[in-house]
Amino acid sequence: MQKILAALQLLLSALAFIAAGATVHNLYSIASRPETISVVNALIGQGVLIIGLLVISRVLFRRGLVRWRAN
């Protein structure tokens, strides 16, 4: 059971990392638009989202590795 949970955590970690990468790509696309307040709001919001996704990814990855190695 621990291996299944560990594999699930590692998989979710990879998905969060991929989502962060997609958000970075979207951020790069938005940055090329003319600067308006909505663009600045999007840049700030996506910056926070990227940091959050990377933190979640790292936590899930570390916990998944600990569970995987425990067995």
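Structure summary
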{"read-out": "So Leu60, is it surrounded by fewer than 14 Cβ atoms within 10 Å (Cβ to Cβ) and modelled with pLDDT of 95 or more", "value": "no"}
{"read-out": "Failed condition for Gly64, given (1) in a helix (DSSP H, G or I); (2) farther than 14 Å from Ala7 by Cα", "value": "(2)"}
{"read-out": "Residue that is surrounded by 12 or more Cβ atoms within 10 Å (Cβ to Cβ), part of a helix (DSSP H, G or I) and either charged (D, E, K, R) or under 14 Å from the mean Cα position of the chain (by Cα) (or both), where the choices are Ile50, Ile30", "value": "Ile50"}
{"read-out": "Pairs with Cβ under 6 Å, 6+ apart, first in the range 1-29 and closer than 16 Å to Ile44 by Cα and among the small types (Gly, Ala, Ser), second at pLDDT 95 or above and assigned to a helix (DSSP H, G or I)", "value": "Ala20/Ile50; Ala20/Leu53; Ala20/Leu54"}
{"read-out": "Any chance Leu10 is open to solvent by less than 60 Å² (accessible area, probe 1.4 Å) and under 18 Å from Arg63 (Cα atoms)", "value": "yes"}
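The values are calculated or read from the model by the stated rules, or taken from the named source; none is laboratory data. Computed from a predicted model, the values in this text were never measured in an experiment. Here Cβ is always computed from backbone atoms with ideal geometry, including for glycine, and neighbour counts include all displayed protein chains. With ligands, DNA and RNA removed, areas are computed over all heavy atoms of the protein, side chains included. Shrake-Rupley method; radii C 1.70, N 1.55, O 1.52, S 1.80 Å.
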